[in-house]
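First comes the structure, then the notes that go with it.
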Amino acid sequence: MSVLVTGSAGHLGEAIVRRLRALGQRAVGVDRRSSPFTDHVGSICERQFVESCMRQATRVIHAATLHKPHVVTHSWQDFIDTNVTGTLNLIEAAAAAGVASFVYVSTTSTFGLAPKPGGPAAAVWVTEEVTPRPKNIYGVTKLMAENLCELAHRKHGLPLVVLRTSRFFPEQDDDPEMRCEYETSNLQANELLYRRVDLEDAVSAVSLALDKAPDLRFGRYIISATTPFTPADLVLLGEDAPAAVRSRFAECEALFNARGWRILPRIDRVYVNDRARAELGWKPRYNFEHVLDCLRSNRDFRSPLARDVGSKGYHDRSFIEGPYPVE
């Protein structure tokens, strides 16, 4: 039994292959770039290549994608080719091969503009029931691919789970203002309150989804660190996030100040993982309380797996204006 893992040279793909191999499972990595975790180098846009890779697979994890940092450097057609056509090639080949389960790694970026408050400056409680409103070609194509996955399940009976993952990359933020105002680790610690998941927790969610897909048949889940907040906190989060954080973690401000860190002044959304924890049995370990525990003992709050995978970047060249250009 082998697991085909696309995007094996990327952050999540490498982490998945590492974990599967450490558990003694046969993981076959696929990526357009060679790496120690890639067995087949090629493009998922090429149907024959995909079909050849699928021959020995019994389960599939599809993590390959063009990401948000590629929006400025790649055309809309590039995004459609990779994120939509590539996904179509994989699900059709998987259905034809009769694979037992298929996990598609999507993104909370599909929600796009949906979590933007329309009235009072309250944060938005984002569950799977919120209707996505993608704001760029990345979100549009990821949502298109999700819908193809659902259609493939209905038409072919392919057992398939879609995971909308929060941020797990270690690279600097794509917002130049945020990069200037906050140290990367400071910003990412804040994000574990509402919009980030540690790489190790993301891998555990993928593994659970892979195992449970045959019973679930189809499902969509938000994969984000467990927030300490409730809907009762939304107004305060939108107006004065530090006050909301202090109400939960009295020691936080002192621990942050000792590092020269700051709590974000406002939070506009909270991604909620209740369904994933209930239906997948997912138990994420890396949350904001873990961050504070690490600060008390001067430890890195990232998981060992996240540190092993490290930073990869998204482009083969550097840019004067930052790690990648933004719209």
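The values are calculated or read from the model by the stated rules, or taken from the named source; none is laboratory data. Every value quoted in this text rests on a predicted model; they were computed, and no experiment measured them. With ideal geometry, Cβ positions are generated from the backbone for all residues, glycine too; neighbour counts draw on all protein chains shown.
Some observations on this one:
- Residues in the stretch 1-43 that are out of contact with any Lys or Arg (no Cβ under 8 Å at 6 or more places or on another chain) and β-branched (Val, Ile, Thr): Val5, Thr6, Ile16, Val17, Val28, Val30, Thr38.
- Residue ID - surrounded by the most Cβ atoms within 10 Å (Cβ to Cβ), chosen from residues in the stretch 175-203 that are part of a helix (DSSP H, G or I) and under 12 Å from the mean Cα position of the chain (by Cα): Ala202
- Qualifying residues in the stretch 62-95 (those that are assigned to a helix (DSSP H, G or I) and free of Cβ contacts under 8 Å to residues at least 24 places away in the same chain) - the one farthest from the chain's Cα centre (by Cα): Gln77
- Some residue of the stretch 223-236 being part of a helix (DSSP H, G or I), over 30 Å from Arg59 (Cα atoms) and free of Cβ contacts under 8 Å to residues at least 24 places away in the same chain: yes
- Only residues that are crowded, with 22+ Cβ neighbours inside 10 Å and either among the aliphatic types (A, V, I, L, M) or over 13 Å from the mean Cα position of the chain (by Cα) (or both) were counted in the stretch 8-23, giving 7.
- Picking from residues in the stretch 259-312 that are over 23 Å from Met178 (Cα atoms) and among the aliphatic types (A, V, I, L, M), the one that is farthest from the chain's Cα centre (by Cα) is Ala278.
- Residue check, Ala278 under 30 Å from Val103 (Cα atoms), assigned to a helix (DSSP H, G or I) and either modelled with pLDDT of 95 or more or among the aliphatic types (A, V, I, L, M) (or both): yes
- Listed by position, the strands (runs of 3 or more DSSP E) inside the stretch 97-174 whose residues that are touching an Asp or Glu at 6+ places or on another chain (Cβ under 8 Å), buried (at least 16 other Cβ atoms within 10 Å of the Cβ) and among the aromatic types (Phe, Trp, Tyr) number at least 1 are 101-107.
- Residue within the stretch 270-278 that is on the phi > 0 side of the Ramachandran plot and touching a residue at least 60 places away in the same chain (Cβ under 8 Å) present: no
- Matching residues in the stretch 247-270 - criterion: being closer than 21 Å to Val126 by Cα, in a helix (DSSP H, G or I) and of a type in the set (A, V, I, L, M, F, W, C): none
- Count - residues of the stretch 39-52 that are touching a helix residue (DSSP H, G or I) at 6+ places or on another chain (Cβ under 8 Å), closer than 19 Å to Ala9 by Cβ and in a helix (DSSP H, G or I): 1
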